[in-house]
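The values are calculated or read from the model by the stated rules, or taken from the named source; none is laboratory data. All figures in this text were calculated on a predicted structure; none of them were measured in a lab. Positions of Cβ are generated from backbone atoms using ideal geometry, with glycine treated the same way; all protein chains shown enter the neighbour counts.
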Amino acid sequence: MHNYRTSITQFIIEEQRHIEGATGEFTSLLNDIVTACKVISNLVNHGELVGVLGSTESENVQGETQKKLDIISNDVFIKSNEWAGHVAAMASEEMDDIYPIPEAYPRGKYLLTFDPLDGSSNIDVNVSVGTIFSILRCPDGIDNPTKEDFLQPGTKQVCAGYALYGPSSIMVLTTGNGVNGFTLDQNIGEFVLTHPKMQIPEDTVEFAINASNMRFWEAPIKRYVDECLAGKTGSRGRDFNMRWIASMVAEVHRILTRGGVFMYPLDEKNREKGGRLRLMYEANPMSMIIEQAGGASSTGRERIMEVEPSDLHQRIPVILGSKNEVERIVQYHQES
Ligand code: F6P
């Protein structure tokens, strides 16, 4: 018998059959997102061959220099998702304001937020990057959503996912019913189910943090990392390993695959901004995926998904991954 694998489309349609009152709109929306990620994957794979590497003159709303691929990927996401009538408005890390669906197209019942190319400082050096997205419901009775309509806590997400453009391209998805991973089969142009029901081990001996910020850290983070570094000779009684890819998608994917803890905490350097990573485009979707896979996600002080957003581009401290380690770090915050 031929080794048949479930395509992502089949998977989504079969999942939707179990949802009462589902109209197929959500399935179609996800299909458009998948298409966008395939296009971005193709561009990332071809890199300099198609002239997409390097920076532009412009900065995004966060004050970061935009890479050519940041802008191209943003465009791809917009174009793939604006026409079909499933989305009422979009918001992207790369755009100052929300993107209302043009008058020429019908509007749908969902709001889409995304980071089209996360970790893009890695793109020129040929290290993994990814796309992160989150789907919210447009509040009832709202035809022309504004920025405020997007400001919903992470617990309200209908779906969250990412595509990782690494040695292979993988899409990982949750609709609140576990986490599943799909690898892009280049030969047939489809993502197919390769990582069903992903689960994060509760314990780990691997942590990820940008250690160049060590002098800015707060006491609980210092304490946690010091204990990890002390290894077998310290209070933890075992050796730890450290990784830092500087690509959150790759980092989260590693944790989903073999466990670990990822930290971009509040520190003296980012305190004024509220943290380093963005709540709507990075922290919330990744938190939903991590929690759905049995992990935990916190700012150190509260569960990320329960934070009431106050701004579209809000930043937030992020500590996520293997449950027992995240809980330990939260406890260190409480104790300090
Ligand atoms: O903007 C997000 C991001 O690129 C993440 O993907 C990554 O985790 C982080 O920034 C890297 O930060 P740093 O530049 O401090 O290593």
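Results, tabulated for the structure shown:
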read-out	value
Flag for I221 being in contact (Cβ under 8 Å) with a residue 24 or more places away in the chain and within 16 Å of the ligand (Cβ to nearest atom)	yes
Flag if T35 is of a type in the set (V, I, T), more than 16 Å from the ligand (Cβ to nearest atom), over 21 Å from the mean Cα position of the chain (by Cα) and closer than 29 Å to I245 by Cα	no
When residues of the stretch 13-35 are limited to those that are in contact (Cβ under 8 Å) with a residue 40 or more places away in the chain and closer than 15 Å to F182 by Cα, the one surrounded by the fewest Cβ atoms within 10 Å (Cβ to Cβ)	T35
Output for the stretch 49-62, where each listed residue is within 16 Å of the ligand (Cβ to nearest atom) and of a type in the set (D, E)	E59
Residue tally, condition surrounded by 10 or more Cβ atoms within 10 Å (Cβ to Cβ) and in a loop (DSSP other than H, G, I, E, B), over the stretch 1-12	2
Test for I123: is it among the β-branched types (V, I, T), on the phi < 0 side of the Ramachandran plot and either within 16 Å of the ligand (Cβ to nearest atom) or outside the structural domain of C159 (by TED's automatic domain parsing) (or both)	yes
Where a residue in the stretch 146-170 is assigned to a helix (DSSP H, G or I) and its partner, wherever it lies, is among the acidic types (D, E) and surrounded by fewer than 21 Cβ atoms within 10 Å (Cβ to Cβ), with Cβ under 8 Å and at least six apart	K147/D97; G154/E306; T155/E306
Tally of residues being part of a helix (DSSP H, G or I), more than 18 Å from R303 (Cβ to Cβ) and near the ligand (Cβ under 10 Å from one of its atoms) across the stretch 247-280	4
Subset of the stretch 126-141 [at negative phi and more than 13 Å from the chain's Cα centre (by Cα)]	V127, S128, L136, R137, C138, P139, D140
Filtered residues of the stretch 94-103 (kept if more than 15 Å from N144 (Cβ to Cβ) and either modelled with pLDDT of 95 or more or surrounded by fewer than 22 Cβ atoms within 10 Å (Cβ to Cβ) (or both))	M95, D96
Set E302, E325, E308, E291: member being away from the ligand (no atom under 16 Å from the Cβ), crowded, with 21+ Cβ neighbours inside 10 Å, of a type outside the set (K, R) and farther than 19 Å from I132 by Cα	E325
Among residues of the stretch 86-121, those that are without any contact (Cβ under 8 Å) to a residue 60 or more places away in the chain and within 13 Å of L30 (Cα to Cα), counted	2
Residue in the stretch 63-85 that is away from the ligand (no atom under 16 Å from the Cβ), over 29 Å from G166 (Cβ atoms) and not in a loop (DSSP other than H, G, I, E, B) present	no
Candidate set: the stretch 264-288, residues that are crowded, with 24+ Cβ neighbours inside 10 Å and among the aliphatic types (A, V, I, L, M); chosen: the one nearest to the chain's Cα centre (by Cα)	M286
Meets criteria (in a strand (DSSP E or B), within 16 Å of the ligand (Cβ to nearest atom) and not polar (S, T, N, Q)) for L111	no
